[in-house]
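Novice: What follows is a structure written as structure tokens; I'll ask about it next.
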Amino acid sequence: MDKFGSNQCTRCPRHCKSARLCGVDGIVVAKIMKHYFEEPVISGSCGSGAVFFSGCNLRCCYCQNRAISHGKVGKSYTPASLADELLRLNESGVHNIDLVTAAHIVPEVARALEYVKDRLTVPVVYNSSGYEGDIHALNGLIDVYLPDFKYLSASLAARFSKAPDYPEVAKRTIAAMYAQVGSPVIEDGLIKKGVIIRHLVLPGCRLDSLAVLDYIAEHFSDCLVSLMSQYTPEFNTGDRSLSRRITSFEYNSVVNYAADKGLKGFMQDRSSASSVFTPKW
């Protein structure tokens, strides 16, 4: 059975046996907004049309969106009413529709997209933690996948996200995403299809970051890579090793390693490590 509130939810790798860890029982949207702080090929000059969903099946201890990922914040929608919002975003002049953290509501999001996909004139971006269940329902509905690849170490994934299986899940998730949309296509400075893999560099975890890049270079070299320096310790409620910002050495060594590996993509300015860039929910 796959129903909200059932005792056998199997939508994500958690396979919750009781109440859903994601914390919601339907589509709950915390905010719909023009968002200007994604990668340049996504935000462009007019912004992306971001839909921030409440609830998250990963719930990392350092999440900067804790208010919505760890709580039920916002307004409830049906697939049909969400579809109406997507059409309004499409007509607002944004470069794309950016669906943020929807792993726990994939069937509902797919249904909303089925209602309107043929009327959308901009690409649909699926912004993911990388900790997904079956994404087959999204095939043909998503143009750009934007997954995280947070850890290659199962022990780090267990410490920070209580998900020791995260590395294996992320590997197969990104492979499935690439199989659906293929190589990046960029026109006039904006991405139209393809995969951008994000990696957040964490304090004290530089060697795992290098291992993530090794894996990407070997298996996903045709994808773009976005290296992020935005880790902000004030959001951390878990491991004390995360109580500081990353150093210039840590971040620069990861950026340089990516370049040495021949990976293409983006790097954040160090000034991004600030709560200023987190939306007000």
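Novice: If we scan the range 263-271, do we find a residue that is polar (S, T, N, Q) and at pLDDT below 95?
Specialist: Yes, the range 263-271 has at least one match.
Novice: Same structure again: Answer yes or no: is there a residue in the range 40-47 that is at pLDDT 95 or above, in contact with a Phe, Trp or Tyr (Cβ under 8 Å, 6 or more places away or on another chain) and surrounded by fewer than 20 Cβ atoms within 10 Å (Cβ to Cβ).
Specialist: yes
Novice: Being farther than 15 Å from Cys60 by Cβ, of a type in the set (A, V, I, L, M, F, W, C) and over 16 Å from the mean Cα position of the chain (by Cα): is that true of Ala211 here? Show your work before the answer.
Specialist: On the way: farther than 15 Å from Cys60 by Cβ: yes; of a type in the set (A, V, I, L, M, F, W, C): yes; over 16 Å from the mean Cα position of the chain (by Cα): yes.
Against the criterion (farther than 15 Å from Cys60 by Cβ, of a type in the set (A, V, I, L, M, F, W, C) and over 16 Å from the mean Cα position of the chain (by Cα)), Ala211 qualifies.
Novice: Can you tell me which of (1) over 13 Å from the mean Cα position of the chain (by Cα); (2) closer than 13 Å to Leu58 by Cβ; (3) not basic (Lys, Arg) is the one Ile142 doesn't meet?
Specialist: Exception for Ile142: condition (2).
Novice: Do we find that Ala176 is in contact (Cβ under 8 Å) with a residue 40 or more places away in the chain and under 19 Å from Ile216 (Cβ atoms) in this structure?
Specialist: yes
Novice: Condition first: of a type in the set (A, V, I, L, M) and modelled with pLDDT of 80 or more. Now tell me which residues in the range 15-37 satisfy that.
Specialist: If the condition is that a residue be of a type in the set (A, V, I, L, M) and modelled with pLDDT of 80 or more, then Val24, Ile27, Val28, Val29, Ala30, Ile32, Met33 are the ones that fit.
Novice: Looking only at the range 123-143, filter to residues that are of a type in the set (A, V, I, L, M, F, W, C) and part of a loop (DSSP other than H, G, I, E, B); which one of those is farthest from Gly44 (Cα to Cα)?
Specialist: Ile135
Novice: Take the residues of the range 80-120 that are polar (S, T, N, Q) and out of contact with any Phe, Trp or Tyr (no Cβ under 7 Å at 6 or more places or on another chain): which is farthest from Ile186 (Cα to Cα)? I'd like the intermediate steps shown before the answer.
Specialist: Filtering the range 80-120 down to residues polar (S, T, N, Q) leaves 81, 90, 92, 96, 101.
In the following step, the residues that additionally are out of contact with any Phe, Trp or Tyr (no Cβ under 7 Å at 6 or more places or on another chain) were identified as 81, 90, 92, 96.
Numbers: Ser81: 31, Asn90: 19, Ser92: 21, Asn96: 13 Å.
Filtering first and then ranking leaves Ser81.
Novice: Would you confirm whether or not the range 125-132 contains a residue that is in contact (Cβ under 8 Å) with a residue 24 or more places away in the chain and surrounded by fewer than 23 Cβ atoms within 10 Å (Cβ to Cβ)?
Specialist: No, there is no match, as no residue in the range 125-132 is in contact (Cβ under 8 Å) with a residue 24 or more places away in the chain and surrounded by fewer than 23 Cβ atoms within 10 Å (Cβ to Cβ).
Novice: If Ala179 meets every condition in (1) over 30 Å from Glu85 (Cα atoms); (2) surrounded by fewer than 16 Cβ atoms within 10 Å (Cβ to Cβ); (3) not charged (D, E, K, R) apart from one, which number is that one?
Specialist: Among (1) over 30 Å from Glu85 (Cα atoms); (2) surrounded by fewer than 16 Cβ atoms within 10 Å (Cβ to Cβ); (3) not charged (D, E, K, R), the lone unmet condition for Ala179 is (1).
The values are calculated or read from the model by the stated rules, or taken from the named source; none is laboratory data. Since this is a predicted model, take the numbers as computed values, not measurements. Please note: Cβ atoms are built from the backbone with ideal geometry, for glycine as well, and neighbour counts cover all protein chains shown.
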